[in-house]
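*Asks:* Structure provided below as C-alpha cells; questions to follow.
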Amino acid sequence: MKNLPRVAAVHDLSCFGRCSLTIVLPTLAAMGVQCCPLPTACLSTHTGGFTGNTFLDLTEQMEAIAAHWKSLELRFDGIYTGFMGSRRQMALTEDFLRAFRRPGCLAVVDPVMGDHGRPYRTYTPEMCRAMTSLAELADVVTPNRTEAALLLGVPYEELRLDTEADCRRWAEALSLEGRRSVVLTGVSVEPGAAGAVCFDRAAGRTELVLAPLAEGSYHGTGDLFAGVLTGGLVKGAALAEAAGRAAEFVSRCARRTREAGTPVREGVVFEDQLWRLGAPAWERPPEDAEE
Ligand code: PXL
C-alpha cells in the first residue's frame with residue numbers, strides 16, 4: 001500500500017473554540033493525510049469572541065522542533081501555514097519553508113490576519129507586512145477579502161467581490177504576476193451561493209467555485225477551508241477541484257452549525273461530518289471495500 005501524503009502544519013493550538021490545529025489535524029487525518037503539527041502557540045481559546053485567553057508563545061520550540069526534524073531528514077509533501085503569534089514566528093516559518101521545501105512539496109500559506117475588514121486583535125501592521133513577505137514564498141495563498149486587501153495594500157472597501165469580473169481581477173492581482181496560485185475566499189456573486197475564486201498558475205486559468213450559501217459566520221471556517229484544500233492538493237487534485245470540495249464541505253458544516261445553534265465563538269461544527277472527506281468506496285483498496 002502507498003504511503004500517505006505528509007503535511008507539516010504551522011499553526012496554533014487553541015484549546016477551546018474550534019480553529020487552527022483542532023480543525024486541521026482531524027480534517028487532514030480524515031482525508032488520509034498525515035499531519036505533523038509545528039505549533040506556534042498554545043492558547044486557552046482563540047482570540048475572537050473570548051477575552052482573557054492565555055497565550056503561551058512557542059517560538060523557541062518551533063526552532064527546536066525544526067532543528068530536530070532537519071536532523072531526522074524528514075520530508076513533506078506539503079507545508080501548510082496559518083495563524084502566527086509574532087513577527088519572529090513568520091521569519092522562522094520562512095526559514096522552515098526554505099529548509100524543507102523540495103521539488104514536489106507544495107507550500108500553502110493561509111495569510112491569517114483578519115476578517116470582516118479588520119485585522120485580528122493580536123496582529124500589528126508590522127506582522128501584516130511580515131505575513132505578506134511569507135506569502136511571497138507560497139505556491140498557493142488562501143486569503144479572505146480582508147486578508148487580500150492587506151496583502152495588496154488596498155482599502156477593504158475597494159476590494160469588492162460582487163461581480164465575476166471583480167473576482168477575477170483581484171485573484172489575478174494577488175498572483176504576483178502568475179508566480180503563485182490564489183484561492184480568494186468570501187466570494188458571493190449570485191444569490192444563495194458563496195465560494196472562492198481560484199487563479200491556477202499551472203493552468204493559467206481563473207475559475208469561480210461556488211457552494212450553497214450558509215447563513216451565519218462561524219469561527220474556524222477559514223481554517224477548515226484551507227485544511228480541506230491542502231488535503232485535496234497533496235492528494236493530487238487540481239486547484240479548482242480541491243477548492244470546490246472545500247467550499248462544499250465548509251458550506252455543509254456551516255449549515256449544520258446553524259441547525260445545532262451552538263454559539264458562534266465555539267466555531268464551526270465539523271466533527272460528525274468528517275466521514276464525508278474519506279475515500280469513496282471505489283477508491284478504497286479491495287480488502288476494505290466491504291467495510
Ligand atoms: O481561525 C483563525 C484563528 C486562528 N488562531 C487563533 C485565532 C484565530 C482567529 O481569531 O484567534 C488563535
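Bear in mind these aren't lab numbers, they're just calculated from the coordinates by the rules spelled out. All values derive from a computational prediction rather than experimental measurement. Every residue, glycine as well, gets a Cβ built from its backbone with ideal geometry; the counts of neighbours run over all protein chains shown.
*Asks:* In the chain, what percentage of the DSSP-assigned beta bridges are antiparallel, given to the nearest 5?
*Replies:* Just about 45 percent of them are antiparallel.
*Asks:* Mean residue ellipticity at 222 nm from the helices of the chain, using -39,500 (n - 2.57) per DSSP H segment of n ≥ 4 over the full residue count, to the nearest 500 deg cm²/dmol?
*Replies:* Calculated from helices alone, the mean residue ellipticity at 222 nm is -11000 deg cm²/dmol.
*Asks:* Continuing with the same structure: Relative contact order for the chain: what is it in percent, counting Cα pairs under 8 Å that are at least 6 residues apart? It would help to have the intermediate numbers written out before the result.
*Replies:* On the way: 562 pairs, mean separation 49.5, N = 291.
Computed over the chain, the figure is 17 percent.
*Asks:* Can you sort 218, 156, 80 from fewest to most other Cβ atoms within 10 Å of each residue's own Cβ?
*Replies:* In order of increasing Cβ crowding within 10 Å: 156, 218, 80.
*Asks:* Binned at 5 Å from 0, what are the whole-percent values of the Cα-Cα distance distribution for the chain, short to long?
*Replies:* 1, 6, 13, 17, 20, 18, 14, 7, 3, 1, 0, 0
*Asks:* What's the longest bit of the chain with no exposed trypsin sites (Lys or Arg not before Pro), using DSSP loop states and at most 10 other Cβ atoms within 10 Å as the test? List each step's numbers first, then the result.
*Replies:* Working: sites that count: 2, 121, 179.
My reading of the result: 3-120 is the longest stretch.
*Asks:* So if I average 1/r over every pair of distinct C-alpha atoms in the stretch 87-158 and take the inverse, what Kirkwood radius in Å does that give? Provide the component values of the computation, followed by the final result.
*Replies:* Values: mean 1/r = 0.0791 Å⁻¹.
Computed over Cα pairs of the stretch 87-158, the Kirkwood hydrodynamic radius comes out at 12.6 Å.
*Asks:* Show me, bin by bin at 5 Å from 0, the whole-percent P(r) of the stretch 163-291 based on Cα pairs.
*Replies:* 2, 11, 18, 20, 18, 14, 10, 5, 2, 1
*Asks:* I would also like to ask the following. Of the beta bridges DSSP finds with both residues in the stretch 1-101, what % are antiparallel, to the nearest 5?
*Replies:* Roughly 20 percent of the beta bridges in the stretch 1-101 run antiparallel, per DSSP.
*Asks:* Rg(Cα) of the stretch 1-75 divided by 2.2 N^0.38 Å? Could you put the intermediate results ahead of the total?
*Replies:* Numbers: Rg = 14.1 Å, N = 75, 2.2 N^0.38 = 11.3 Å.
Cα-based Rg divided by the globular estimate yields 1.24.
*Asks:* In whole Å, what is the distance between the alpha-carbon centres of the stretch 22-77 and the stretch 198-276?
*Replies:* Centre-to-centre distance over Cα atoms comes out at 20 Å.
*Asks:* If you rank 170, 69 by fewest surrounding Cβ atoms within 10 Å, what's the result?
*Replies:* Numbers: 170 25, 69 18.
Sorted ascending by nearby Cβ count, the order is 69, 170.
*Asks:* Separate question: Kindly work out what percent of the DSSP beta bridges joining two residues of the stretch 1-60 are antiparallel, to the nearest 5. Don't jump to the answer; show the numbers that get you there.
*Replies:* On the way: 3 of 12 bridges.
Within the stretch 1-60, antiparallel bridges account for around 25 percent of the total.
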